[in-house]
Structure formats: structure tokens, C-alpha cells
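The values are calculated or read from the model by the stated rules, or taken from the named source; none is laboratory data. Bear in mind that the values here come from a model prediction, so they are computed numbers and not experimental data. As a convention, Cβ positions derive from the backbone with ideal geometry for all residues, glycine included, and neighbour counts pool all protein chains shown. These area figures cover heavy atoms from the full protein model, side chains too; ligands, DNA and RNA do not enter into them. Shrake-Rupley method; radii C 1.70, N 1.55, O 1.52, S 1.80 Å.
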Amino acid sequence: MSACSDKKMDTLEHPRTTVELGTGALTAENIVAVARYGAPVELAQEAVAAMQSSREVIEELAADDKPHYGVSTGFGALAVKQIVPDQRRQLQRSLIRSHAASSGAEVDTEVVRALMLNRLSTLATGRTGVRPGVAMAYAGLLNAGITPVVGEYGSLGCSGDLAPLSHCALALLGEGEVRTADGDRVPAAAALAAAGLEPVELQEKEGLALINGTDGMLGMLTLATADLRRLLATADLAAAMSVEGLLGSDAVFAADLQALRPQPGQGASAANVRAVLAGSALIDEHKTGGFTRVQDAYSLRCVPSVHGAARSTLLHAENVAGCERASAIDNPVVTLDGRLESNGNFHGAPVGYVLDFLAIAVADVASMSERRTDRFLDTARSHGLSAFLAFDPGVDSGHMIAQYTQAGIVAELKRLAVPASVDSIPSSAMQEDHVSMGWAAGLKLRRAIDGLERVLAIELLDICTGAGHARRRREHLPQRPRGHGRAVRAAGGGGRPRPGPVPRTGNRSGPAAGGQRFPAGRCRPSAGPAVTLGA
């Protein structure tokens, strides 16, 4: 995660079809479209009707003499205190103001927009008891490109993402600071006025309904799964190119061998590698030119096992995210038969676990990539390539330090793989005595994905550089375009590439925003129709 790396929404090269929110679940594509590309939103009539119906339940309870949590009482450890009617609107304002207490670096715009969309989706289910006008005002913020400023610290993931959601609710009241669609940081009141929006005055239960949910961690999970689908395809491509460039064998990727271990995802990864290596002159040479190496190193031979396991992890994470998007998370909730009931559905454990699980998979895929890169640089293992891929070793250090950079990133990814979800810290006078830390898990996963992208980019850069050397070492091969094998040609490798800056995953230009990014003008892989992006 890069704090505030790009405040202006990227709305290019992506359809801006309006996302309609009904009483059902959003899709992952909906969230990416709104969060990352600024697609507009609107509420379906069924959602408006559901919200109006549940609001009538809240208003009836507000007129009751009995205490009802969130309607006529305080919150958390203060739930024992009943609030008289003429103080309840102040109660809702005070709740939002007190809970908007985040700190630290500013969270990426796409994360905040994903959080807001997920909360709006829950409001649209009609289970929270807010007035339709509140949800419409929330939609107005999204459509105007107004993004509340949220600090990275403040959420324990239970009751949901309280502090981040409170900053968003604060903007709805015309308070706090926001980013405009142009990226300017301004007071919320000024941004609302410029967009023709009116601040909202909250009534009973509405403040609580705006801040009680796992929306931030769910948003980060959804964006991460979209990015990882593309990065795992890139990892397969890079591995295939490395097998070819290091004179490896494609025999181990045979479909019948992979079928002996039918782990989900393994077959798909092996199929990708086979598709890229098919017809490679360098691979064919092994089969007719007296190739004697019995086995390749694990970083080449075991690619389907590792990449396949990552795919299986991703599939599990996507299933969890789908269930969470289909949820109506608040406390208390208005049930379908009109009861107001407290619950514990806001606890972020399901989401926190898979955010941590994905960070483990990301670290392992990156670690394998770094090992393949290192083989290209070592004359004892690169099978004829120059030391460190230097064109004049000794005078030129080649890619020696690029691999250092990879190694440093991989070391960081291993630290980021330490789970956050096991580190509960009690809060709220022991009322919230076990929390999920899912928000923290989401933030570290975003940083991990950024690292994986950089590691794969360096591997691809080294492969393309090695292709230039390979052209000279294999002049005896039959005529092929630029002397490359199929895998390197698929990546556009050739010439004498010079190391360029490794691009950073920003708010709008991450892998899901436009495919994998690599050093400009260098080797840009194209997996081709045979390489899938699926899990």
C-alpha cells in the first residue's frame, strides 16, 4: 500500500457503467469499477422500499419507553445508559465525531471508495434502519468523487472498521477533510457545497448504521483478489520464460504428471507454462542436442505446485469475499420479520484470516521468482550467460543490485506474511475483548502485492536482458526471430535493454487497472490467448 500515491481517480480505459445497488450482493467487478475507476452508483427502487420499511420499525421503537440499543441508548460499554429523545440526534453526531479518530498516513483513495460502496450496499439491504435519504446522500458523495481523508491507523476490525467508516460518515455531516475528484484536499463542507450536496442530520440509529461493518477490510480483499488474478498469470509467464532462458525442461509440466496431484490451481498453472513453451526452439534443442541434466531446480520444476497453491488460496479468498458481499452487517439489525436484534456479525475474523492467508501466498510466489532471477545472474547456474547479465563483466555490474532489490523486497514480504488476525487487543473497557485486526491485515496485503509486482518485474527484466545474451550463445540454432524462443518472444524481449525504474503500484494504475506494468519501452509480456487469468 502506498499512502496517497495518487489522489486523482483514473477513469480511463475502463467502462463507467452505472452500478445499481439493490437488496442483493455487489460483485467484485462492481467494487473495482466504482473504487478504482469512478463508476457512478444508483439505488434501485427495491432498496429504497426496503429501507423505508425498516425505518418505520426504528421510528416505532424510538417512541417506545423501553431502551433499545443504538436507538435510545449509548454505545459499546456505554450501552447501559438510556438517552432521552431530545438528545438522540446529538448522540448520533457525537458518535461520529468521537469515532473519527484515525491517524497516520492517508489511506489510498480506492480503498476508501471501496469501503464506502460496501457500506452503501449494506444500507441498501434495508436491514440497518436508516432513512433512504441517508443512503442517497452517501451515493452522492461517491458520484461526486468526494473521498473522505482516512488515516491508516484506527481500526481494530471489530466492531468492523469503526474509525475509517466514521471519517466517511463525518464527511456526510459536512465535517472533516476530503479529497475532491481532482485530488485536492479541502474541508468537507466546501466540497459538498461545490457538488451541490447538503449535509445530513442523523436521526436515531443512523450514526451507528454508518460505522458498524467490515467494509474497509472487505474492500481491500476484493481489490487484492482482482490484482492477484493478473499477477499470478504474470508469474506463470515469467516462470515459463525462465525455464526457457535457463535451458530447463518442459517435461515436468506435462498434463498427465500434473493429474497425479489434482490440487486445485496446479493444473491451470502448468497449462499456462506449457502453452507459453510450446514450440520453443531452445526447449526442442534439449530433446535432440544431447541434453544431460536429469532435473531442474525446484524454482523451475515446482512452479505448478507453488503457483497452483497460490491460486487455490486465491479461490478460497474469493469465496469468502463473495459471502461477505452478500452480508448485511450492522449491530443491531432489523430482521426481515421486523425485530431489532443485536448480533456479532460485525467481527472481521472471516475476512482477516484470508487477508493473512493471501499474504503468505504472495510471499512464497515472490520468493520463488527471486530464486529464478538469481540463477540468471550466476555463471555457475546460468548455462552460458555472462556474469550478472553484464555486457562487459567487471566494467559493468549488470543486474547484480537489481537482484539485491528483489531480495530486500522478498525479505519484507516474509515479514508481512506474519498474520495480523491472531493479534487481538481488547478495547472499549473489555466490552470488545476480542478483535480481528482485519484492517491491518488488509493494509499489509496491499503492500505485499506491491512488492510481488516489483519482484516479477525484475525477473522479467532479467529474462529479457538474458535473451540478448542467449542470441549470441545460440547462433547455431535454426533461424528464429531475433534468436528467441517462444516464451521470450511472447514477452516482446530482444535488443539490448537497459535497466529502468521498477514501477510502483499506485491507486489507479495497479495490475487490475490495466494489466501488468513493466519498465517502459522494455519487455512487456503478452500471455496470449492460451494463458488464462483464472484461478
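Here are a few things to note about the model shown:
- Residue ID - surrounded by the most Cβ atoms within 10 Å (Cβ to Cβ), chosen from residues in the range 315-327 that are over 11 Å from P350 (Cβ atoms) and among the aliphatic types (A, V, I, L, M): L315
- Of all residues in the range 239-267 being of a type in the set (A, V, I, L, M) and in contact with a Lys or Arg (Cβ under 6 Å, 6 or more places away or on another chain), the one that is most open to solvent (accessible area, probe 1.4 Å): V252
- Residue match in the range 136-144 (condition: buried (at least 21 other Cβ atoms within 10 Å of the Cβ) and assigned to a loop (DSSP other than H, G, I, E, B)): no
- Odd one out for T234 among (1) open to solvent by less than 40 Å² (accessible area, probe 1.4 Å); (2) at pLDDT below 95: (2)
- Answer from Y153, Y138 - the residue that is farther than 19 Å from L117 by Cβ and aromatic (F, W, Y): Y153
- Matching residues in the range 268-284 - criterion: being outside any helix (DSSP H, G or I) and open to solvent by less than 30 Å² (accessible area, probe 1.4 Å): S280
- Condition broken by H383, with the remaining ones in (1) in a helix (DSSP H, G or I); (2) open to solvent by 60 Å² or more (accessible area, probe 1.4 Å) satisfied: (1)
- Tally, over the range 145-172, of residues that are open to solvent by 20 Å² or more (accessible area, probe 1.4 Å) and either charged (D, E, K, R) or out of contact with any strand residue (DSSP E or B) (no Cβ under 8 Å at 6 or more places or on another chain) (or both): 2
- Here the helices (runs of 4 or more DSSP H) wholly within the range 160-240 that include at least 3 residues being under 26 Å from the mean Cα position of the chain (by Cα) are 162-172, 206-211.
- Failed condition for R131, given (1) touching a Ser or Thr at 6+ places or on another chain (Cβ under 8 Å); (2) open to solvent by 30 Å² or more (accessible area, probe 1.4 Å): (1)
- Within the range 28-40, being out of contact with any His (no Cβ under 8 Å at 6 or more places or on another chain), open to solvent by less than 30 Å² (accessible area, probe 1.4 Å) and not hydrophobic (A, V, I, L, M, F, W, C) holds for one residue alone: G38.
Here is a yes/no grid of residues against (1) within 36 Å of the chain's Cα centre (by Cα); (2) modelled with pLDDT of 95 or more:
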position	(1), (2)
Q52	yes, yes
R55	yes, yes
G76	yes, no
V80	no, no
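- Residue that is farther than 19 Å from G70 by Cβ and not aromatic (F, W, Y), where the choices are A100, A114: A114
- Exactly one residue among D337, D330 is of a type outside the set (A, V, I, L, M), in a loop (DSSP other than H, G, I, E, B) and crowded, with 21+ Cβ neighbours inside 10 Å, and that residue is D330.
- Residue match in the range 299-314 (condition: open to solvent by 40 Å² or more (accessible area, probe 1.4 Å), outside any helix (DSSP H, G or I) and in contact (Cβ under 8 Å) with a residue 24 or more places away in the chain): no
- The range 389-398, subset open to solvent by 20 Å² or more (accessible area, probe 1.4 Å) and outside any loop (DSSP other than H, G, I, E, B), residue nearest to Y153 (Cα to Cα): D396
- Among the residues making up the range 399-436, those that are at pLDDT 85 or above and in a loop (DSSP other than H, G, I, E, B) are H399, A417, V418, P419, A420, S421, V422, D423.
- When the helices (runs of 4 or more DSSP H) confined to the range 41-127 are screened for residues that are open to solvent by less than 40 Å² (accessible area, probe 1.4 Å) and in contact with a strand residue (DSSP E or B) (Cβ under 8 Å, 6 or more places away or on another chain), those reaching at least 2 such residues are found at 45-62, 109-124.
- Some residue of the range 342-351 being over 30 Å from I409 (Cα atoms), in contact (Cβ under 8 Å) with a residue 24 or more places away in the chain and open to solvent by less than 40 Å² (accessible area, probe 1.4 Å): yes
- Of the residues in the range 344-359, at least one is part of a helix (DSSP H, G or I), among the charged types (D, E, K, R), modelled with pLDDT of 95 or more and over 30 Å from I58 (Cα atoms).
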